[in-house]
Amino acid sequence: MDVIFFKDTFLLERYADLFFLFKYDFFGSGDLIVLPLKDAYFTKINKIYELIQLTQASGGFHQEELIRSYIFALVYDP
């Protein structure tokens with residue numbers, strides 16, 4: 001199992017809607033949230049996760065912005 005941890009300030013650093021995270025139950029809840037994944041969605045999430053890992057490992061000038069964008073992609077694609 002892999003987990004992605006980030007602070008809300010990291011995700012919302014360049015985002016105009018400061019209440020964005022409140023639109024999603026899994027961000028505001030202190031409960032353990034488990035989301036069942038269909039095979040096709042698992043494949044997509046896994047590819048995005050691999051991009052996050054590659055981006056983090058390679059560093060680079062836009063590393064934070066790229067990782068932030070990948071996390072948004074995970075959030076937006078149910």
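Since every read-out is calculated from the coordinates, none of them should be taken as a lab result. The structure displayed is predicted, hence computed values, not measured ones. Glycine also receives a Cβ, built like all others from the backbone with ideal geometry; neighbour counts cover every protein chain displayed.
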- Task: Report, ordered by the first and then the second residue, all pairs with beta carbons closer than 9 Å, sequence separation of six or more or different chains, a first member in region 33-55 that is under 17 Å from F72 (Cβ atoms) and free of Cβ contacts under 8 Å to residues at least 12 places away in the same chain, and a second member that is among the aliphatic types (A, V, I, L, M) and loosely packed, with under 10 Cβ neighbours inside 10 Å.
- Result: none
- Matching residues in region 32-46 - criterion: being under 14 Å from I4 (Cα atoms) and either part of a helix (DSSP H, G or I) or within 14 Å of the chain's Cα centre (by Cα) (or both): I45, N46
